[in-house]
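Accompanying notes for the structure given below.
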Amino acid sequence: MPPGDTIIYLSDTAGVPPEVSHIIDSITSVYETGPYSSMPSMNRPQYIYPEWVLFLFILAGLFILFVIYVGLPHLRKQRVLKYPVLDELGADAVRYRYWLGQHNPYYAALSETMKERFLDRVVKFMRSKEFRYHKLEVDEKVPVLLSGAAIQLTFGLRNYMLDYFPVIHIIRQEYTLDIDKETYYGHVSKNGIYISWTHFMEGFSDYSDSVNVGLHEMAHAVSYDIFLGEKDRHDRGFIERLKGFREEGTPVFRALRRGATHLLDDYAATNFDEFWAVSIETFFENPAGFRDTMPGLYQCICDILNQDPTRPDKIIDKRLAGLTD
Ligand SMILES: [Zn+2]
């Protein structure tokens, strides 16, 4: 403050000349009666709500804009693009979900999103096949659960239709074939996939004993389809990966032939095709045991099928599984 200036306190006008006091009074009256009379500070505007409430309003507004412009179109796109088949099914879809949930532990453990993807594939698969019943009443549950076994095996693959096999035969129980008079619970030949319904259901009812005729026969069916069916234009590396299994599995197979006790059922020693099919049964029913005992062979099957049963959503490479369309 320059020397000679005088400080004037607005609250204390004692000793101030009358003309100056008059000016101070008029300024004070403007503050007390004017638009800023109730404000704690000249610089703060007044709102009808507290500032934190206004902040919440702005946040809520931004959230609504996000839902309208980002969330809803995304959800709509997923629904329209991914599962139109399920939308058509109506009440059937409810029954199919129930049966799969009751009898297929692999499906039951999937997330809701992946369950819908699984069911979408099941419906497309079963619609593409003819199911022939032998000594067994027609049962709507049969094609759903048989297709479920196939879809489980091919869940990580883009090509899952097993086009080489237009017909699947379902027999009430075990059966014998004229060629060798042996008893069969299932088999696969160029004429089709054959499965005993009794043993199919037993296989899934105990999902920890590494015995599952449904998965076993579907494993044969996949290798038939790959080697004898039309070339898979979506996954040209599949045959190479399957050959990799032969390299990795040969020492294990030879050890089995010598009678070495092992994680895999003895039936795997019959020939290399059975070794593949039995390995698939153990891969799904005892994945942690398989991975810990034979990590190389386990990884090989993970690579072939593009899935790891120890993961919650199974799939390893989404692009290879056709999940990124
Ligand atoms: Zn077999």
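Report the residue count in region 209-224 for those that are within 15 Å of the ligand (Cβ to nearest atom) and either outside any helix (DSSP H, G or I) or more than 16 Å from GLU274 (Cβ to Cβ) (or both). Spell out the reasoning first.
Filtering region 209-224 for residues within 15 Å of the ligand (Cβ to nearest atom) gives 210-224.
When the remaining residues are screened for being either outside any helix (DSSP H, G or I) or more than 16 Å from GLU274 (Cβ to Cβ) (or both), the result is 210-212.
The qualifying residues number 3.
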Here is a list of conditions, (1) away from the ligand (no atom under 16 Å from the Cβ); (2) at pLDDT below 95, and GLN307 meets all of them except one; can you say which number that is?
(2)
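I'm checking my understanding of the structure. Among residues of region 128-157 that are of a type in the set (Lys, Arg) and part of a loop (DSSP other than H, G, I, E, B), which one is surrounded by the most Cβ atoms within 10 Å (Cβ to Cβ)?
Step one: list which residues in region 128-157 are of a type in the set (Lys, Arg), which gives 129, 132, 135, 141.
Within this subset, residues satisfying the condition of being part of a loop (DSSP other than H, G, I, E, B) are 129, 135.
Working: LYS129: 20, LYS135: 10.
The qualifying residue surrounded by the most Cβ atoms within 10 Å (Cβ to Cβ) is LYS129.
I'm checking my understanding of the structure. Among residues of region 250-283 that are more than 15 Å from the ligand (Cβ to nearest atom) and not aliphatic (A, V, I, L, M), which one is nearest to ASP209 (Cα to Cα)?
Filtering region 250-283 for residues more than 15 Å from the ligand (Cβ to nearest atom) gives 250-252, 254-255, 257-263.
Filter again for not aliphatic (A, V, I, L, M), leaving 250-251, 254, 257-259, 261-262.
On the way: THR250: 24, PRO251: 24, ARG254: 23, ARG257: 21, ARG258: 23, GLY259: 20, THR261: 16, HIS262: 14 Å.
Applying the filter and picking the extreme gives HIS262.
Anything in region 170-181 that is within 16 Å of the ligand (Cβ to nearest atom) and surrounded by 10 or more Cβ atoms within 10 Å (Cβ to Cβ)? List them, or say none. Spell out how you get there, then give the answer.
Here is the first cut: in region 170-181, the ones within 16 Å of the ligand (Cβ to nearest atom) are 171, 174-177, 179-180.
Once the filter is applied, which keeps residues that are within 16 Å of the ligand (Cβ to nearest atom) and surrounded by 10 or more Cβ atoms within 10 Å (Cβ to Cβ), region 170-181 yields ILE171, GLU174, TYR175, THR176, LEU177.
In this structure, does LEU256 turn out to be among the hydrophobic types (A, V, I, L, M, F, W, C), at pLDDT below 95 and in a helix (DSSP H, G or I)? Spell out how you get there, then give the answer.
Working: among the hydrophobic types (A, V, I, L, M, F, W, C): yes; at pLDDT below 95: yes; in a helix (DSSP H, G or I): yes.
Yes: the conditions hold for LEU256.
Quickly run through region 158-186 and pick out the residues that are part of a loop (DSSP other than H, G, I, E, B) and either over 37 Å from the mean Cα position of the chain (by Cα) or not assigned by TED's automatic domain parsing to the domain that holds VAL122 (or both).
Hits for region 158-186 are LEU177, ASP178, ILE179, ASP180, LYS181, GLU182.
The values are calculated or read from the model by the stated rules, or taken from the named source; none is laboratory data. Remember, it's a predicted structure, so these values are computed and weren't measured experimentally. Because the Cβ atoms are built from the backbone with ideal geometry, glycine has one as well, and the counts that use them run over all protein chains shown.
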